[in-house]
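Everything below concerns the one structure shown next.
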Amino acid sequence: MNFKEKIRVVLDFPEKGIRFKDITTLLKEGEVFHQAIDALAEPFKDQGVELVVGPEARGFVVGAPVAYALKAGFVPVRKPGKLPAETLKHEYDLEYGKDSLEIHKDAITPGQRVLIVDDLLATGGTVQATVAMVEALGGVVVGLVFLIELSYLEGRKNLANYNIMSLLKY
C-alpha cells in the first residue's frame, strides 16, 4: 500500500509556506486506515507493550487503534485542564513560546512497557514532553511510533536513544 497517495497535502495551512499533511483523507478510507494501523502495530506485537500513550488530539486517533491491535491499554496525554484527576505537567519550548501537556499521575505503574504513538514527528517537542512524563511515572518506553515523519525538521535527532518507527517520511 502506498500510504503517501492517501495523504492530502494542503498548501499554506495553517500559515503561508506550510505544506500541511492532512491525514483525514487516509482515515476516511476504512481498509487503508486498517492497514496503516496494522503496519504501525506490527513491529511491536512481540515487545510486551502494556500501554499505548497518545498526545491529543491526533495521537488519540492513531494511538487508540494501535493499542487495540496490541491488546494494550490506552492513556491520553492532554493540554492542561482537560484531565479530571491529579496530573503530572510538563512544559516544553516551541519555536515561538512555550506549551505544556499533562498525564494522570496514576496512568502508568512503574515498570510498565509503554509505546508512544502520534500522527506526526516534526521537531519532536510534543513527543519529548510525552517521553519525559512517561519516564517520570516509571514507565519503560519501548518505542515511538508515527504515521508521518517530517525528516527535514530533524525531530529524530533529539530522540536518538529510542526505537523510532515512522510509516511515512517526507
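Throughout, read-outs are computed from the coordinates displayed, never taken from laboratory work. From a predicted model like this one, the values you see are computed outputs, not experimental measurements. Backbone-built Cβ (ideal geometry, glycine too); neighbour counts: all protein chains shown.
Separation of the range 92-170 and the range 1-22, taken as the distance between their Cα centroids, equals 22 angstrom.
Highest mean first, what order results for 12-21, 103-112, 51-60 on Cβ atoms within 10 Å?
Working: 12-21: 10.5, 103-112: 16.3, 51-60: 21.7.
The packing order, highest mean first, is 51-60, 103-112, 12-21.
Looking at the chain alone, DSSP beta bridges between its own residues are antiparallel in about 40 percent of cases.
Rounded to the nearest 20, the size of the Cβ-charge dipole of the chain about its Cα centre is 140 debye, with Lys and Arg at +1 and Asp and Glu at -1. Applying the Karplus relation 6.51 cos²θ - 1.76 cosθ + 1.60 with θ = phi - 60° to the range 72-88 yields 3J(HN,Hα) values of 10, x, 10, 10, x, 10, 10, 5, x, x, 9, 9, x, 9, 5, 10, 9 Hz, where x marks Gly and Pro.
Summarise the long-distance tail of P(r) for the chain by giving the % of C-alpha pairs beyond 28 Å.
Details: 2698 of 14365 pairs.
Counting pairs separated by more than 28 Å, the tail of P(r) holds 19 percent.
In a reduced charge model with +1 at each Lys and Arg Cβ and -1 at each Asp and Glu Cβ, the range 49-90 shows a dipole moment near 160 debye about its Cα centre. Among VAL142, TYR152, GLY59, whose Cα lies farthest out toward the positive end of the dipole of the chain, if unit charges sit on the beta carbon of Lys, Arg (+1) and Asp, Glu (-1)? So the residue furthest toward the plus end is TYR152. Within a straight-line Cα-Cα reach of under 29 Å, LYS169 can be paired with the following lysines, leaving aside sequence neighbours fewer than 8 residues apart in one chain: LYS4, LYS6, LYS16, LYS21, LYS28, LYS45, LYS71, LYS79, LYS98, LYS157.
Counting only DSSP beta bridges whose two residues both lie in the range 69-170, roughly 40 percent are antiparallel. With the simple spin-label model, which puts each label point 7 Å out from Cα in the Cβ direction, the LYS4 to ARG113 separation comes to 3.3 nm.
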